[in-house]
Structures are given as structure tokens and as C-alpha cells.
Amino acid sequence: MKLVKLIANLGYGSRKDVTALFRSGRITDGAGDVLYTDDVVPLDTIRVDDEPLDPPAGLVLMMNKPLGITCSRKDPGRVVYDLLPPRYSVRSPAMSSVGRLDRDTTGLLLFTDDGALLHRIISPKTQVTKVYEATLAQDLRGDEGELFASGTMMLESEKEPLAPAELEVLGPRHARLSVTEGRYHQVRRMFAATGNNVETLRRVSVGGLVLGDLPLGEWRPLDASEVALIFAA
Ligand code: URA
């Protein structure tokens, strides 16, 4: 792909805008030499206004989603995309969150501009395990693990039973739940069906990729080995 189109696709402006950036000498190589539109150079050496060019298509990010923001661009109020550089919202292909977390759920949220990868992660066929830690309003009854693991649990207004999920009790009102599906408000609805309420909910891993110590509200790109980890558990 020609440099102008490639840089325009990364959200730096229209092709006309990017051509103007070249003409005004604002696009350089790592040594500071001005680049021209028909130069052929490795992308990771390109600088725009002395800053490295954003990563090319195929970008995958992880975020520690904070409380109080939502995952749909259409939602009113703050959305997760507001935490990413504004250019990331106008890239082509676009960056999308990989599934969604509720406004009141924190933790590991992935983003990518790779549609095939996104579908592979969220497809129920792939069975990527998502692990959540929940604190609950009331003590666990003791039979939740068996119910969640049964493969027959029905959520209200759904036609198909839930796939088996694994519950690990961490305390009287504290549990870790591993699920392979991504149904609407799934974890909250599972506990609600047992007469309980989720007070806090945090996603701690997706497949073999763990949130780790990424601070709330922060994000970072993933390398290929980290992306592979998603499918490695
Ligand atoms: N289950 C929920 O109830 N909420 C989330 O955000 C994710 C899973």
C-alpha cells in the first residue's frame, strides 16, 4: 500500500491532508530526514512531527476498564474509546472492543482492528474462557457451583441453557467464575438467578491472557505472543 493511503488509514487525515503533511516536511525517517510520498521505508522508522507512526493494521490492545464508562460508541456519556488516542477512533479498519463489559464492570477488555481475530475470540465455538471475580451482596448458598456447572441452567427469557461454567469460592461473598460464553449481563444474571446480587465485578483473564497489574483506565498494545495466549487456555 502507498504511504499516503497507509498513513491516512491510520487516522492522520484524508489522503489530501497526509499529502500536505509530506509536502510540509512533517513526515520523516528515524534519522530525521524528510520522506516523500513514494519512498519505501519500514513503517516502524516513520515519524510524524517527530513522533513514531501509530502501529499498523492488526493492532490488538488490552485495557483495564474502569467503572462508570460503557463500551458502545453510541452510548451517551463517557465510553471506553475516549480512553484511547482520538486517532484510534478514525482508523480504517476501525478499532472495536472485543465484546463488551457493563458500565459497572471493571477489568480486562480487548480491542482490535482485526475483524477475523475479534470473531475468533468471541465465537462460542472457540470456547475462550473468560474469568470474572465477583463480590456478592449475600453469602453464597453452597449449591451455586453445581448449578453453574450443570450445563442445564436457564437464564430468564433465553431459549438455550448456559454452557457449563466453573465457580471457585474465594470467601462467603467472594467468587471467581469462569465462563466460555458472552451472554448479555451473563455473570450478574447467573448470580441473580440464585437469589444473590453482584456488587462488584472484574474480569481478570481472557483465555490465558491475564490482566496483571495494568492500572485501572490504562491500556497497552499486545505483542503476537500475548495474542496467542488468548487461545492457549
Ligand atoms: N457478565 C456481566 O454480567 N457483565 C459483564 O460486564 C460481563 C459479564
* Asked: By average Cβ neighbour count within 10 Å, what is the ranking of 40-48, 195-203 from highest down?
  -> 195-203, 40-48
* Inter-site label distance for residue 189 and residue 146 at 7 Å from Cα along Cβ, in nm -> 2.5 nm
* Full-stretch length increase - residue 160, residue 84 - with 0.36 nm per residue and alpha-carbon distance subtracted -> 23.7 nm
* To do: Mind giving me the FRET efficiency for residue 138 and residue 213? R0 is 22 Å, r the Cβ-Cβ distance, nearest 0.05 is fine.
  => 0.10
* Structure fact -> Along segment 128-134, Karplus-curve 3J(HN,Hα) (6.51, -1.76, 1.60; θ = phi - 60°) to the nearest Hz, with x for Gly and Pro, reads 6, 7, 9, 10, 10, 10, 10
* Asked: Treating the beta-carbon of each Lys and Arg as +1 and of each Asp and Glu as -1, no other charges, what is the dipole magnitude of the chain about its Cα centre, to the nearest 20 debye?
  -> 720 debye
* So, with +1 on the Cβ of K and R and -1 on the Cβ of D and E, and no other charges, what is the size of the charge dipole of segment 130-206 about its Cα centre, to the nearest 20 debye? -> 300 debye
* Under unit Cβ charges (Lys, Arg +1; Asp, Glu -1), what dipole magnitude, rounded to 20 debye, does segment 3-52 have relative to its Cα centre? -> 320 debye
* Structure fact -> Sparse-neighbourhood loop hits (trypsin sites (Lys or Arg not before Pro), segment 155-186; DSSP loop; Cβ within 10 Å at most 10 others) -> 159
* Asked: Once you treat every alpha carbon in segment 3-52 as an equal point and sum by Debye, what is log10 I(q)/I(0) at q = 0.20, 0.28, 0.32 Å⁻¹?
  -> -0.56, -1.16, -1.48
* To do: Give, in nm to one decimal, the length gained when the segment between residue 1 and residue 29 is fully stretched (0.36 nm per residue of separation minus the Cα-Cα distance).
  => 8.3 nm
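Could you state the per residue volume, in Å³, of the convex hull enclosing the Cα atoms of segment 69-220? The partial results should precede the final answer.
Numbers: hull volume 19.4 nm³, N = 152.
Cα-based convex hull of segment 69-220, divided per residue, equals 127 Å³.
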* To do: Please name which of 35, 22, 127 has its Cα lying farthest along the dipole of the chain towards the positive end, using unit charges on Cβ (Lys, Arg +1; Asp, Glu -1) and the Cα centre as origin.
  => 22
* What percent does the relative contact order of the chain come to when contacts are Cα pairs within less than 8 Å and at least six residues apart? -> 20 percent
* To do: Kindly flag which residue pairs out of 65/130; 16/65; 125/159 have an alpha-carbon separation exceeding 25 Å in this structure.
  => 16/65
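Computed from the coordinates by the stated procedures, all read-outs in this text should not be read as laboratory data. In this text, all values refer to a predicted model and were calculated from it rather than measured experimentally. Using ideal geometry, Cβ is built from the backbone for each residue, glycine included, and neighbour counts are taken over all protein chains shown.
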